[in-house]
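The values are calculated or read from the model by the stated rules, or taken from the named source; none is laboratory data. Because the structure is predicted, anything quoted here is derived from the model rather than measured. Cβ coordinates were reconstructed from backbone atoms using ideal geometry, including for glycine residues, and neighbour counts include every protein chain displayed.
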């Protein structure tokens with residue numbers, strides 16, 4: 001069991017989940033997108049994020065297989081925390097904004113890890 005799988009298992013507990021949502025809810029930022037990116041950066045290493053995308057990817061080559069972030073308990077904790085922040089500020093953050101921001105952050109994880117930029121030719 002990887003550390004991420006272990007964390008997902010631990011998040012099954014409602015008490016742990018509530019604590020995690022509370023922790024994410026205090027992560028600030030100047031915009032909704034910045035808050036989401038900060039939550040992701042505090043939680044996932046670029047190496048782990050490189051193995052994920054929003055919807056997952058199942059292929060025969062296990063090296064290229066990606067984990068679906070949208071199906072994780074961690075994602076729900078982050079989204080719930082964001083909603084909690086928005087309620088406190090009497091504003092809203094759409095699920096769409098959350099999804100697009102996470103997708104973009106995960107997409108560029110290999111580049112942040114030191115890989116080749118997406119627009120460079122090998």
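Points to keep in mind about this one:
- Residue list for segment 14-44, restricted to those being outside any helix (DSSP H, G or I), touching a helix residue (DSSP H, G or I) at 6+ places or on another chain (Cβ under 9 Å) and over 14 Å from residue 75 (Cα atoms): 26, 27, 28, 29
- Selection within segment 97-122 - surrounded by fewer than 15 Cβ atoms within 10 Å (Cβ to Cβ) and either part of a loop (DSSP other than H, G, I, E, B) or modelled with pLDDT under 85 (or both): 113, 114, 115, 116, 117, 118, 119, 120, 121, 122
- Residue within segment 88-96 that is part of a helix (DSSP H, G or I), buried (at least 19 other Cβ atoms within 10 Å of the Cβ) and either out of contact with any strand residue (DSSP E or B) (no Cβ under 6 Å at 6 or more places or on another chain) or modelled with pLDDT under 85 (or both) present: no
- Among the residues of segment 56-87, the one identified as touching a helix residue (DSSP H, G or I) at 6+ places or on another chain (Cβ under 6 Å) and either assigned to a strand (DSSP E or B) or without any contact (Cβ under 8 Å) to a residue 24 or more places away in the chain (or both) is 79.
- Residue pairs whose Cβ atoms lie under 7 Å apart, separated by 6 or more positions or on different chains, with the first residue in segment 36-50 and on the phi < 0 side of the Ramachandran plot and modelled with pLDDT under 95 and the second surrounded by fewer than 19 Cβ atoms within 10 Å (Cβ to Cβ) and in a helix (DSSP H, G or I), are 46/112; 48/4; 50/110.
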